[in-house]
Amino acid sequence: MNINKVFYHSSTNMNEVPDNSVDLIITSPPYFNIKDYAKNGTQDLQHSAQHVEDLGALEKYEDYLLGLLKVWLECYRALKPNGKLCINTPLMPMLKKVLNTHYNRHIFDLHADIQHSILHDLNNTLENKPKMFLLDVYIWKRANPTKRLMFGSYPYPRNFYAQNTIEFIGVFVKDGKPKQPTEEQKEQSQLTQEEWVEFTKQIWEIPIPNKNDIAFGKHAALSNLLYEHRSRIIPLYQRINNSYSKDKTIKICDNNLKLLYKDHQVCVNIDGKEMKLKYSENEDDFRKYIIGGWFEEYIYFELLDLIDKQVIYDLRLNMRLSVESMTDTQRNERPIYAELDMAFSDGKNLYIIECKSGGLKDKGVLANLSTNAQIFGGANAKCILISSDDHLGQNIQEKIKILNIKFIFKDFKENIENYVNDSRH
């Protein structure tokens, strides 16, 4: 079976998937009604309709577990003999104003309750069919403990609470003998000794990536390196363009700086600090990245922290938009089209960002920024110009004031957070 499709509907009825056809199911259910998934992160703005059948909208925890049981039954139907069901779940501390059962806070152990539901309730419905069994339990240490003094009882904690930095991965197996793999499949699945030792550990120390991790994005670490040495990179833009135009490769060696790009292979070495990666996009995309796109990505990764803090929402990088022209009386004009370096909302208003790593001499860039904000965000939309330095000509500075554009050239994350908070007020 090879479907390769996404089905956007309830997983209690996966009739597109045949019986006994799936080797592995990985899922993480909604966390009861802790969060209204029809609202934004701060739960003060509704972005979609809530449906009564949503498992995250049920009022009673018992109904929630019964709803999940229907999902596990459907997973059981689809699994092959010896197929695995992996379920990622947290501990769920409840606010006392939401659920007040005793003096201390109430905690739902979702992993334990799902385990009982599968091994007891689900198996009791199967009669003479193969049962489900617990194969393994892994602990995912997903965050490092904070050093902040929380819970208000420091330094005399009669009832201090754990920091809730782990989650569970329960692995269940449908009883039965597995189909033997082919020799080709066995070779493709072969593990090294190091992988064998690492993968069999029961505690997974896998922190959620931050903006400095390669895992966070294809160029996150490279963008940070280029920003750190921006005063040496930016003056090379013209040479990079000239080098690329000859044979679609880039090769520059200058003052302890090496930049090599050919056939989607990238090597950047600055003062001996080297970074290699494969750039899988269009060849011209890398040229655009290295002459300024890196700065947009650097700012993007900086602002991700503000999403975690729920200061901003819906952060988008290199966003393409179009609308029908409102002044098109002859019906022969093309739709208004724009490519935005970056955009986000504060839950109510749209913010559009123009990023400039090099010099800014064209006032038309500012006019386009202001126009795009009005077209796509309305009267309350905000414009932000972010530059890698503050050396702007007098005419550019005057244009920024006239168009009411916020100019930021340092402490990007802090200044944008302050600007958003001030705009809300």
Count - residues of the range 82-129 that are at pLDDT 95 or above and touching a Lys or Arg at 6+ places or on another chain (Cβ under 6 Å) = 2
Listed by first then second residue, the pairs whose first member lies in the range 301-323 and is in contact (Cβ under 8 Å) with a residue 12 or more places away in the chain, whose partner is buried (at least 16 other Cβ atoms within 10 Å of the Cβ) and of a type in the set (Lys, Arg), with beta carbons under 9 Å and at least 6 positions apart or on separate chains, are 301/211; 302/211; 302/413; 303/413; 304/211; 305/211; 305/413; 306/413
Could you count how many residues in the range 370-384 are aliphatic (A, V, I, L, M) and outside any helix (DSSP H, G or I)?
-> 3
Looking at (1) in contact with a helix residue (DSSP H, G or I) (Cβ under 7 Å, 6 or more places away or on another chain); (2) under 26 Å from residue 359 (Cβ atoms), which is the only condition residue 245 fails?
-> (1)
Answer yes if at least one residue in the range 235-250 is modelled with pLDDT under 85 and within 20 Å of residue 143 (Cα to Cα), and no otherwise.
-> no
If we ask which residues in the range 371-395 are among the charged types (D, E, K, R) and either surrounded by fewer than 19 Cβ atoms within 10 Å (Cβ to Cβ) or in contact with a Pro (Cβ under 6 Å, 6 or more places away or on another chain) (or both), their number turns out to be 2
Among the helices (runs of 4 or more DSSP H) contained in the range 230-292, which hold 1 or more residues that are farther than 25 Å from residue 390 by Cα?
-> 237-247, 283-288
Counting only residues in the range 288-321 that are over 16 Å from residue 416 (Cβ atoms) and basic (Lys, Arg), the one surrounded by the fewest Cβ atoms within 10 Å (Cβ to Cβ) is identified as 320
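Assess whether residue 194 counts as being at pLDDT below 90 and outside any loop (DSSP other than H, G, I, E, B).
yes
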Verdict on residue 134 being at pLDDT 95 or above, touching a Leu at 6+ places or on another chain (Cβ under 9 Å), in the same structural domain as residue 170 (by TED's automatic domain parsing) and not in a strand (DSSP E or B) | no
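The values are calculated or read from the model by the stated rules, or taken from the named source; none is laboratory data. The structure displayed is predicted, hence computed values, not measured ones. Cβ sites come from the backbone with ideal geometry, for glycine too, and all protein chains shown count toward neighbours.
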